[in-house]
Amino acid sequence: MATFVDRYPDEAKVVQASFAVAFIALGIGAFFGLIQALHRTNILRVIDSVDYYTLLTAHGVLLALVFTIFFLVGVFTWAIAKGFERPLPDIRLTWAWFGLMTTGTVLTAVAILAGLVPEIPMSADVLYTFYAPLEAHPAFYIGLAMFIVGTWMAGADWFLAYRDWRGDNPDERIPLQPFMVLTTMIMWYVSTLGVAVAVVFFLIPWSLGLIETVNPLLTRTLFWYFGHPVVYFWLMPAYLLWYTVLPKLAGGRLFSDPLARVVFVLFVLLSTPVGIHHQYVDPGIAEGFKFIAMTNTMFLLLPSLLTAFTVVASVEHGARQRGGEGYLSWLGALPWRDPAFAGMALAGLMFAAGGFSGMVNAGMNINYLVHNTLWVPGHFHMTVGTAVALTMMAGTYWLLPQITGKTVYSRPIGLFQVVLWFIGMVFMSNAMHRGGLLGIPRRTAEPQYQNFDFAAAVGSVGEIRMQIAFGGLLLFLSVVFFLFNVAATWAEDRVDTPVDDTIPAPLSPPSGAPLILDNLALWTGIAVVLVVLAYTLPLASIVTDSGLLGSSPGFPVAISLEALAEAAASALPHVSLDAAAGLRPLDVAAEAAETLEVSR
Amino acid sequence: MRQLSPGLFLVLVAFTIPLAVEFRTVAGFFGFDLPFISMILFEVVLLAILTGVYVLGRLTPDEDTATTS
């Protein structure tokens, strides 16, 4: 029986190439993650603390942007060709966006990793969020801009495929998988406008020296205008797999096609006007705007809960088709041996836990308790780090045979790998959440535990650190097993029927969904209006307060230990030992620097 | 005895980890400050129970509830 690679060989090559880039990024990013986990917890230090931020930036960019989005464009290309049952309109356009995204990725990665080599005058240790006034090398921003433009072209490619399909099928409902792709891309177009403006009009000219200053709050707000919807951009391919593939793997059918459409429409409407909830502690944004963002964020619980209901109902249907009975006993009838199913199910379970910790982040009052603490990476390692990443890895075990024509090398290794990821993440994210509640900060290579009294409700800081290191190690091993399995699969010989790639019709078919759900122009219009309502006044207020270009010069993010040592050595003669008595080293250094400045 | 497949057994082993890790937290809610070793002991107990269920299911399979998963 022919599978995807036989029907659409050109598209299969693009999907293969996208997955290859995604998995390379996954391997490098995971390795950097392990180094950070061991460094921060003081288990093993193979890098200078100065380089920690270079690796942290690379870890965030390679995993949160490159791995997830390259996998997304691969899955979406597969879904469009399979859903519309036709090749993409022009494969040259498809390769063009792939090439642009890859070039942008390489440029950005080089700008970041050059920070590890002092001889190269280039660095971008600005972390994944690239907040001004931290300034990166222009290549970092230009690479990111190329990457984003590449995704826009990919969306255009898929909309052109839709136009062709619609021309031949004027009265048909949009097939569910392409519907999910198109609505996700509408959300992406609306939300990436913010980061595009920030990068093209402010950060690139600023890093090139064309303008001297930026308004940090403005660029930061524009980043978060994009920064929260990007979470849903990562999540939507996982949702696509949960809605359309997971029920099939469970042996059943999707419970409700109309409900799935409602969920994706809600994400189009609600994803973007919420970004200010990442800025609850930012001065310069009125509390009222933050309250509105919080309210909008809470509305996003609705599609998440609808998804939980629909996916669980679909999986239960599958279990009962396989002979499962009782209120909970049906869980035992599910195909837990299948790594694709087990991985997605575990990812969904972890997503529920991540959703609960996300509600803490979203609440204005309790967010202050955990803001900028380890709680936050604990949260997003559960959501993007597991709900998304584990679903993508698990989905690979079902998708890879379709795009290569080869069977998975080892399903037992696959099962072991997804379970290992779940266990590793339980250790790491649990410890991060607990550490966050104690007030342990995030984004630091040198967390200090001596001068603070971390009152742990349970356990100790030492245990938390060990748990993070152990969890990080398990996660890295899981990635190694995954990459080995993928590489070995790729090296296999082709077979006639590598996997059953059929997707059964939903229990509640699309004919039951109101026609208005397929009116993409309407939902785009409403989404734009909601964004205008949510952002016009805050942005106007920020620009009125500090101007469009603000007054902040760039701050170098590249510091060398040699320069630091020279500064300290020149300051030391000015330090009075008596005055330094009882002070912490940092205070002594600050005082010395002040003395030096005065003496000059 | 219900027969567990190796796949389900492995997944259930994974589920015992968060139970063991959060065991002390739950005990803390009720004022019991348990030492670190209690988490390991609790995990061992959970694994022993799970292994027992798995082995018994293999030794005395219940034909009506045997799963093919």
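Please note which helices (runs of 4 or more DSSP H) are completely contained in the range A:360-408 and include at least 1 residues that are among the hydroxyl-bearing types (Ser, Thr, Tyr). Outline the logic, then answer.
Values: elements: A:364-370, A:375-382, A:389-404.
The qualifying helices (runs of 4 or more DSSP H) are A:364-370, A:389-404.
Filter the range A:455-482 for residues that are more than 21 Å from A:Pro339 (Cβ to Cβ), buried (at least 19 other Cβ atoms within 10 Å of the Cβ) and within 14 Å of chain B (Cβ to nearest Cβ) and give the result.
A:Val458, A:Gly459, A:Ile464, A:Arg465, A:Gln467, A:Ile468, listed by residue number.
Here is a yes/no grid of residues against (1) modelled with pLDDT under 90; (2) buried (at least 19 other Cβ atoms within 10 Å of the Cβ); (3) within 30 Å of A:Ala250 (Cα to Cα):
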{"site": "B:Met1", "(1), (2), (3)": "yes, no, yes"}
{"site": "B:Phe15", "(1), (2), (3)": "no, no, yes"}
{"site": "B:Val21", "(1), (2), (3)": "yes, yes, yes"}
{"site": "B:Ser38", "(1), (2), (3)": "no, no, no"}
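Report yes if some residue within the range A:435-448 is in contact (Cβ under 8 Å) with a residue 60 or more places away in the chain, part of a loop (DSSP other than H, G, I, E, B) and within 14 Å of another protein chain (Cβ to nearest Cβ); otherwise report no.
no
Given the criteria surrounded by 15 or more Cβ atoms within 10 Å (Cβ to Cβ), within 19 Å of A:Thr221 (Cβ to Cβ) and modelled with pLDDT of 95 or more, does A:Leu539 qualify? Please lay out each step first, then the result.
Details: surrounded by 15 or more Cβ atoms within 10 Å (Cβ to Cβ): yes; within 19 Å of A:Thr221 (Cβ to Cβ): yes; modelled with pLDDT of 95 or more: yes.
Spelling it out, A:Leu539 is indeed surrounded by 15 or more Cβ atoms within 10 Å (Cβ to Cβ), within 19 Å of A:Thr221 (Cβ to Cβ) and modelled with pLDDT of 95 or more.
Go through B:Arg2, B:Arg24 for me and flag whichever is out of contact with any Cys (no Cβ under 8 Å at 6 or more places or on another chain), touching a residue at least 12 places away in the same chain (Cβ under 8 Å), of a type outside the set (Ser, Thr, Tyr) and part of a helix (DSSP H, G or I).
Matching residue, one of B:Arg2, B:Arg24: B:Arg24.
Here is a list of conditions, (1) hydrophobic (A, V, I, L, M, F, W, C); (2) facing chain B (nearest Cβ under 10 Å); (3) surrounded by fewer than 21 Cβ atoms within 10 Å (Cβ to Cβ); (4) farther than 22 Å from A:Thr373 by Cα, and A:Phe422 meets all of them except one; can you say which number that is?
Just one mismatch for A:Phe422, condition (3).
Here is a list: A:Phe202, A:Phe179, A:Phe147. Which entry is farther than 30 Å from A:Ser552 by Cβ, in contact (Cβ under 8 Å) with a residue 40 or more places away in the chain and crowded, with 17+ Cβ neighbours inside 10 Å?
A:Phe179
Show the residue pairs meeting these rules: Cβ distance below 9 Å; 6+ apart or different chains; first residue within the range A:304-328 and on the phi > 0 side of the Ramachandran plot; second residue surrounded by fewer than 20 Cβ atoms within 10 Å (Cβ to Cβ) and among the basic types (Lys, Arg).
none
If you scan the range A:392-419, which residues turn out to be more than 14 Å from every other protein chain (Cβ to nearest Cβ) and among the β-branched types (Val, Ile, Thr)?
A:Thr396, A:Ile403, A:Thr404, A:Thr407, A:Val408
Any residue at all in the range A:289-311 that is aliphatic (A, V, I, L, M), in contact with a Leu (Cβ under 8 Å, 6 or more places away or on another chain) and within 22 Å of A:Val529 (Cα to Cα)?
The answer is yes; a qualifying residue exists.
Could you please find all residues in the range A:336-357 being over 14 Å from A:Val418 (Cα atoms) and at the interface with chain B (Cβ under 9 Å from one of its Cβ atoms)?
Applying the first criterion (over 14 Å from A:Val418 (Cα atoms)) to the range A:336-357 yields A:351-357.
Once the filter is applied, which keeps residues that are over 14 Å from A:Val418 (Cα atoms) and at the interface with chain B (Cβ under 9 Å from one of its Cβ atoms), the range A:336-357 yields only A:Ala353.
Listed here are the residues, each with its yes/no results for (1) crowded, with 24+ Cβ neighbours inside 10 Å; (2) at pLDDT below 95; (3) among the charged types (D, E, K, R).
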| position | (1), (2), (3) |
| --- | --- |
| A:Asp48 | no, yes, yes |
| A:Phe76 | yes, no, no |
| A:Phe98 | yes, no, no |
| A:Ile120 | no, yes, no |
| A:Ser123 | yes, yes, no |
| A:Tyr128 | no, yes, no |
| A:Pro138 | no, no, no |
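Looking at A:Gly275, A:Gly288, which is the one that is away from chain B (no Cβ under 14 Å) and without any contact (Cβ under 8 Å) to a residue 40 or more places away in the chain?
A:Gly288
Consider the range B:23-60. How many of its residues are more than 18 Å from B:Arg2 (Cα to Cα) and of a type in the set (Val, Ile, Thr)?
Number satisfying all stated conditions: 6.
Results for (1) of a type in the set (Ser, Thr, Tyr); (2) assigned to a loop (DSSP other than H, G, I, E, B), shown as yes or no for each residue.
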| site | (1), (2) |
| --- | --- |
| A:Gly60 | no, no |
| A:Phe70 | no, no |
| A:Trp78 | no, no |
| A:Pro87 | no, yes |
| A:Leu100 | no, no |
| A:Thr108 | yes, no |
| A:Pro118 | no, yes |
| A:Met122 | no, yes |
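Right, A:Asn430: within 14 Å of chain B (Cβ to nearest Cβ), outside any strand (DSSP E or B) and polar (S, T, N, Q) or not?
yes
State all residues of the range B:51-63 that are within 13 Å of chain A (Cβ to nearest Cβ) and within 15 Å of the chain's Cα centre (by Cα); if no residue qualifies, say none.
Answer for the range B:51-63, where residues must be within 13 Å of chain A (Cβ to nearest Cβ) and within 15 Å of the chain's Cα centre (by Cα): B:Val53, B:Tyr54, B:Gly57.
The values are calculated or read from the model by the stated rules, or taken from the named source; none is laboratory data. Since we're looking at a predicted model, the values are computed, not measured. Glycine also receives a Cβ, built like all others from the backbone with ideal geometry; neighbour counts cover every protein chain displayed.
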